[in-house]
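Everything on this sheet refers to the single structure shown next.
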Amino acid sequence: MKDELERLYQTTYASVVRFLYRKVWDADRAEDLAQEVFIRAMAHRPEKPRAWVFAVAANLARDEARSAIRRRRHLTLLTNEPAMLSAPEMPADEAVEHDERMGQVREALSVLSDRDREVLLLWDAGMSYPEIAEQSGLAVGAVGTTLARARKRLIETYDRQEAGRKQHAAHS
């Protein structure tokens, strides 16, 4: 079992961190939460470890979001978002462009329904259709349709935002 968990960690850790990052938008917090996921996996020894890991990650991200909302209510100062997970050092103009793009993606993702966003992020994290179905409560046959719809909506939203920014910049 130890070898199985080690293999799961080695093959899944980066995907879990990426999945969590796109939920909490904080690279350090995503890594902390991923560590917590694997600590819990060691304690629980789940039957279907890969699906279980993503289910726990989603739950931890949801709890983190609730905590963040509570913390924000008490904060009076805004803080800057840290650089993206494992982003290499880049020139300032590239970093600004990167941050703008990430903001646009985050904004486009926020427009999706919770289910569409969840399915899209699970797929992006490398989960199979059966794993996504188990995690999301969808039928396996509905995963592909939901995923296609989510991708289409994400692209349409992103394109609309981009067109709006260009139009606004042309009038400025």
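Among the residues making up the stretch 124-142, a single one is under 10 Å from the mean Cα position of the chain (by Cα) and part of a helix (DSSP H, G or I): Asp124.
Selection over the stretch 1-45 of residues that are closer than 19 Å to Arg62 by Cβ and in a helix (DSSP H, G or I) gives a count of 26.
The rows are residues; the columns are (1) assigned to a helix (DSSP H, G or I); (2) of a type in the set (D, E, K, R); (3) under 22 Å from Val24 (Cβ atoms).
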| residue | (1), (2), (3) |
| --- | --- |
| Gly103 | yes, no, yes |
| Thr157 | yes, no, yes |
| Glu162 | yes, yes, no |
| Gln167 | yes, no, no |
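In the stretch 20-58, the qualifying residues are those that are without any contact (Cβ under 8 Å) to a residue 24 or more places away in the chain and hydrophobic (A, V, I, L, M, F, W, C), and the one that is surrounded by the fewest Cβ atoms within 10 Å (Cβ to Cβ) is Ala43. Within the stretch 107-120, at least one residue is closer than 16 Å to Arg22 by Cα and in contact (Cβ under 8 Å) with a residue 60 or more places away in the chain. May I ask you to verify whether Ser15 is at pLDDT 85 or above and small (Gly, Ala, Ser)? For Ser15, the condition - at pLDDT 85 or above and small (Gly, Ala, Ser) - is met.
The number of residues in the stretch 146-172 that are more than 27 Å from Val119 (Cα to Cα) and either surrounded by 11 or more Cβ atoms within 10 Å (Cβ to Cβ) or in contact with a strand residue (DSSP E or B) (Cβ under 8 Å, 6 or more places away or on another chain) (or both) comes to 1.
Tell me yes or no: at least one residue of the stretch 38-55 is modelled with pLDDT of 90 or more, within 17 Å of the chain's Cα centre (by Cα) and within 21 Å of Ser110 (Cα to Cα). Yes, the stretch 38-55 has at least one match.
The values are calculated or read from the model by the stated rules, or taken from the named source; none is laboratory data. What you see is a predicted model; the values in this text were computed from it and never measured. FYI the Cβ positions are ideal-geometry reconstructions off the backbone, even for glycines, and counts take in every protein chain you see.
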